[in-house]
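Structure record follows, encoded as structure tokens.
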Amino acid sequence: MSDLTSIVDWSRLQFAVTAIYHWLFVPLTLGLSVMVAIMESIYLKTKSERWLYATKFWMRLFGINFAIGVATGIILEFEFGTNWSNYSWFVGDIFGAPLAIEGILAFFMESTFVAVMFFGWNKVSPRFHLASTWLTALGASISALWILVANAWMQYPVGMEFDPDQMRNVMDNFWALFSGIAVNKFFHAVLSGWALSGVFVIGVSCWFLWKKRNVEFAIRSIKVGAWFGLAGMLLTMYTGDGSAVEVTKHQPMKLAAMEGLYHGHQGQSLAAVAILNPNKDWNNDEDEYLFEIAIPNGLSILGRHDMDAFIPGITDIINGVDIDANGDTINTVSYQDRIAKGKLAQQALKEYGEAREAGDSALMASTLTTLRENYPYFGYGYFKSVDEAIPPVGLTFTMFRVMVILGSYFLAFFVIVLFLVYRTELLQKKTWIQWIAMASVPFMWICSEAGWAVAEVGRQPWTVQDLLPTVASVSAVPATSVMVTFWLFALIFTVLLVAEVSIMCRQISKESKKTLS
């Protein structure tokens, strides 16, 4: 059992590190590709060489980032087969479909038009080149769409039916994959990439201002970056609100962990500033927070768009307690009952297999009925106690606040930059403003990574919500193999990240030495 735990922990850690590194490159690709297309559109309309210069400069930085992002993404997909083969078998029919479409449609679309985008200058017509640039940006977003649809299905598994003869899930409704969680997740991720790219362009452009080189180019880029980033941030917040509603409906335990909430109320407040009590557990009487400044009714508004709505806490969910629209206490399925139902479903599946081998059709029918009645709780059968079904509250709570605080900062950041960029003398003379803009760049990545941590850590211990926990998803490989590949990948990804930053810095430094005529 200790070896199994080691395999699970190392496999999770390896996948987490791969995903974290990969997400360093993805949002910049999503946003910068659109921004480059916007700049080239302006160039085609104005015929200004200065806009052509801006387009080619940011296109080069996009290309550096795009190439390294592809490398990390390929490794991420291979890990499903190497480290998570049980998961891949259990849900391969559903999870594999959007990933296959992503590879066949989006990736080939990107790779085709990105070649024209970089090497087609003076070889194709200006309009065709512009179309290729826009199609590259579209391909990147379509690629994100299918990957995020697959991820959303893990959060909210729909459109499938369990086939006991194959011992796996099979798809029965492809369009059900486009659930509310999937739609909100897609737009939230892509639009956050717009915001991140806006901060990146502003930060790099402020470096030009600080060096007092190519000032007009920097001001133009800041204007595009600020407007684009502000639009991205506002829309990210809007889709984040939609995501909160979907999480409240389908993943209430995640919402409770995000808030560190154990006992919910009608008109539930939101902890704006709080320190979690490390001694708090779901079954003790300790206070949830050591310190709290709350927003009255905030969580009810966030989760249900109703200031008087009941939001269940961790203890409520475990005990199967909820409150209906009339304020009456109702009982749902407690976690202890879910574990019992899950074990019943697993036993029925085992007996179905035995009856099938023996050719006992009557027993097959009865066990199949039991299986289908209890299958929604199949994954809980792997747990020995309800404690195993609780996500890491401290990390989820902290990352949610990091995301919200930094997101609020960047909303103000874009507004202030827009105010200053149209008063160019002030922006050029105040070097401390330029330094703040440059220093803000890495914090936008922290904000983006924190959002993913909330989404993924908050749904633990599940790979597929309610159906398959991580402990049942791993491959039957030695723990030492996973450890070795973990350190190998960590080293390779670190080298790739250092290489990207180094190449980008050299490219930016090289351009700063040029003087535009």
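Below, the figures for the structure above:
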quantity	calculated
One residue from Lys249, Lys280 being part of a helix (DSSP H, G or I), among the basic types (Lys, Arg) and modelled with pLDDT under 90	Lys249
Flag for Asn326 being in contact with a helix residue (DSSP H, G or I) (Cβ under 9 Å, 6 or more places away or on another chain), closer than 26 Å to Met253 by Cβ, open to solvent by 70 Å² or more (accessible area, probe 1.4 Å) and at pLDDT below 90	no
Matching residues in the range 62-112 - criterion: being polar (S, T, N, Q), touching a residue at least 40 places away in the same chain (Cβ under 8 Å), more than 19 Å from Val34 (Cα to Cα) and in a helix (DSSP H, G or I)	Thr72, Thr82, Ser85, Asn86
Any hit, the range 345-356, residues being hydrophobic (A, V, I, L, M, F, W, C), open to solvent by 70 Å² or more (accessible area, probe 1.4 Å), in contact with a helix residue (DSSP H, G or I) (Cβ under 6 Å, 6 or more places away or on another chain) and in a helix (DSSP H, G or I)	no
Entirely in the range 383-488, the helices (runs of 4 or more DSSP H) that have 3 or more residues that are of a type in the set (A, V, I, L, M, F, W, C) and modelled with pLDDT of 90 or more	393-421, 431-457
The lone exception for Tyr382 - which of (1) touching a strand residue (DSSP E or B) at 6+ places or on another chain (Cβ under 7 Å); (2) open to solvent by less than 70 Å² (accessible area, probe 1.4 Å) it fails	(2)
Failed item in (1) touching a residue at least 60 places away in the same chain (Cβ under 8 Å); (2) within 30 Å of Leu276 (Cβ to Cβ); (3) open to solvent by 40 Å² or more (accessible area, probe 1.4 Å), with Gly407 passing the rest	(3)
First in the range 283-311 and closer than 15 Å to His265 by Cα, second anywhere and open to solvent by 50 Å² or more (accessible area, probe 1.4 Å) and among the charged types (D, E, K, R), Cβ under 7 Å, 6 or more apart	Ser300/Asp306; Ser300/Asp308
First in the range 495-517 and under 17 Å from Gly203 (Cβ atoms), second anywhere and modelled with pLDDT of 85 or more and open to solvent by 80 Å² or more (accessible area, probe 1.4 Å), Cβ under 7 Å, 6 or more apart	Gln507/Arg60; Ser512/Lys211
Candidates Asn173, Asn151 - the one that is touching a Gly at 6+ places or on another chain (Cβ under 6 Å) and either open to solvent by 30 Å² or more (accessible area, probe 1.4 Å) or under 19 Å from Ser85 (Cα atoms) (or both)	Asn173
Every pair of residues 6+ apart whose Cβ atoms lie under 6 Å, when the first sits in the range 246-262 and is within 18 Å of Asn283 (Cβ to Cβ) while the second is of a type in the set (Asp, Glu)	Gly260/Glu288; Tyr262/Glu288
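The values are calculated or read from the model by the stated rules, or taken from the named source; none is laboratory data. None of the values given here were measured: they were computed from a predicted structure. Every residue, glycine as well, gets a Cβ built from its backbone with ideal geometry; the counts of neighbours run over all protein chains shown. Areas reflect the complete protein model, heavy atoms only, side chains present, ligands, DNA and RNA absent. Shrake-Rupley method; radii C 1.70, N 1.55, O 1.52, S 1.80 Å.
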